[in-house]
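The values are calculated or read from the model by the stated rules, or taken from the named source; none is laboratory data. Everything numeric in this text was worked out from a predicted model, so none of it was measured. Using ideal geometry, Cβ is built from the backbone for each residue, glycine included, and neighbour counts are taken over all protein chains shown. What goes into the accessible areas is simple: the full protein's heavy atoms, side chains included, and nothing from ligands, DNA or RNA. Shrake-Rupley method; radii C 1.70, N 1.55, O 1.52, S 1.80 Å.
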Amino acid sequence: MDVYTVRQAKSEEQRELTRLSVRATMHAGYDEAFIDRSMPSLTITLPMISANWVQVAQDGSSEVVGVVWVMPTALQGIALLHGLYVDPARWKRGIGRVLFGVAVTRAKEINAGAIMIYAEPSAEGFYKRMGAIRIGEGPFFYSPETVLPHLLYVIPREV
């Protein structure tokens with residue numbers, strides 16, 4: 001079984017991490033026109049990295065295999081899972097589960113009690129397996145013909 005470690009993203013990885021999010025989105029079945037329209041949501045920016053919102057998963061050889069970024073919202077107590085992407089060559093190996101755990105930890109650090117997730121439709125099952133519940137759906141801002149499930153993950157209280 002592979003072991004993955006997670007760390008803060010580095011500013012010099014910004015382009016590499018954005019390319020990873022694009023690769024994963026294309027592998028999920030989206031074309032270049034969709035990618036072009038969606039680049040604002042797929043781009044990991046230097047301010048996001050500087051704010052410590054972006055974490056990466058790496059394998060034993062220090063190769064980056066996934067990325068997650070969680071940020072605060074204007075709604076007190078609610079964090080936004082802005083993105084969780086795993087390199088397509090590494091899908092189905094537990095990396096997404098590791099990154100989701102990191103997202104929960106990060107949300108707790110910013111005093112959130114829940115995480116809002118606007119999921120890519122094929123990822124809805126993954127988030128439900130993590131414990132998120134579907135609370136609605138809506139059009140994707142950058143491509144309104146794509147309807148995104150809206151999920152909420154309530155962070156369990158520590159006893």
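Structure summary
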{"item": "Residue count for segment 108-125, restricted to those that are within 25 Å of VAL147 (Cβ to Cβ) and either assigned to a helix (DSSP H, G or I) or not hydrophobic (A, V, I, L, M, F, W, C) (or both)", "result": "7"}
{"item": "Positions within segment 32-56 being closer than 13 Å to LEU84 by Cα and either exposed (fewer than 14 other Cβ atoms within 10 Å of the Cβ) or touching a Phe, Trp or Tyr at 6+ places or on another chain (Cβ under 8 Å) (or both), in sequence order", "result": "SER41, ILE44, TRP53, VAL54, GLN55"}
{"item": "Condition check for VAL154: under 14 Å from the mean Cα position of the chain (by Cα), of a type in the set (A, V, I, L, M) and open to solvent by 40 Å² or more (accessible area, probe 1.4 Å)", "result": "no"}
{"item": "Flag for VAL147 being farther than 24 Å from GLU12 by Cα, aliphatic (A, V, I, L, M) and free of Cβ contacts under 8 Å to residues at least 60 places away in the same chain", "result": "yes"}
{"item": "Single residue of segment 6-31 satisfying the filter (in contact with a strand residue (DSSP E or B) (Cβ under 8 Å, 6 or more places away or on another chain) and of a type in the set (Val, Ile, Thr)) that is most open to solvent (accessible area, probe 1.4 Å)", "result": "VAL6"}
{"item": "Enumeration of residues in segment 126-159 that are aliphatic (A, V, I, L, M), outside any strand (DSSP E or B) and closer than 19 Å to THR73 by Cα", "result": "ALA132, ILE155"}
